[in-house]
Amino acid sequence: MTSTPTSGRPTGATTSPSPERRFSTAEIVVHAAFALLIGIGILTAAIMWLDTLAVAVGRRDLIRTVHVTAGLLAPLPLALGLLSTRFRADVARLERWTDTDVEWLRSKDRRSGRLPVSKFNAGQKLNAALTVGAVVVLLGTGTVMGGWLWSWPTSARTDATWVHDWTAFALTLAVVGHVVFAVRYRRGDSSTSQPRNATSSRNRVSG
């Protein structure tokens, strides 16, 4: 075969198409915006909760305003993401649970590649469900705590505060765990990575 001066490629050679990215640009933007708002909510909550940080930072009213604003805006990126076909497809994947997903959660060798995994494994599906559920609970309890929409009695606001605080704590743990697993996966840690099989490889580039 000969090469042409312009392309530098052998004549007759075929160029294989680039594999489709795991996530679209819209999905990446949605994830980044949602993560930023949740991060701001967690940081401002920590400042208000921990006396040491509260004293060091001060300006409690401003911190509270930022916290409330971030919380109210948190669902917005997800709602806008539904305009994306690929985002909606991934939401459907995350909502779809199979017997294999349940077995994956129960299995000690879940990352060995023995079980077929689609684009999202059961752990990612569970994390997504818990995160969205936590945001809904935080919005609801925050509404009661703020006395919005209704003149809530003191007992209801006290109970809402208790649920709000513990839900926020659980969400913080979930976010930290999510970040740790994501970093370890990117580094190729054997304890979190799983061998590519035909099923997982095919589904990683689909959707």
Restricting attention to the stretch 76-89, does a residue exist that is modelled with pLDDT of 90 or more, closer than 27 Å to T143 by Cβ and touching an Asp or Glu at 6+ places or on another chain (Cβ under 8 Å)? yes
Does W104 qualify as being in contact with a Lys or Arg (Cβ under 6 Å, 6 or more places away or on another chain) and under 25 Å from L126 (Cβ atoms)? yes
Residue pairs meeting the criteria (Cβ under 7 Å; at least 6 apart or on separate chains; first over 11 Å from N127 (Cβ atoms) and touching a residue at least 12 places away in the same chain (Cβ under 8 Å), in the stretch 165-186; second part of a helix (DSSP H, G or I) and of a type outside the set (V, I, T)): T167/A134; T167/L138; A168/A45; A168/L138; A170/A134
If we keep just the residues of the stretch 47-75 that are in contact with a helix residue (DSSP H, G or I) (Cβ under 8 Å, 6 or more places away or on another chain) and without any contact (Cβ under 8 Å) to a residue 24 or more places away in the chain, which is surrounded by the fewest Cβ atoms within 10 Å (Cβ to Cβ)? R60
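The values are calculated or read from the model by the stated rules, or taken from the named source; none is laboratory data. Just so it is clear, the model here is predicted, and its values are computed rather than measured. When we count neighbours, we look across all protein chains shown, and the Cβ atoms used for this are built from the backbone with ideal geometry, even at glycine.
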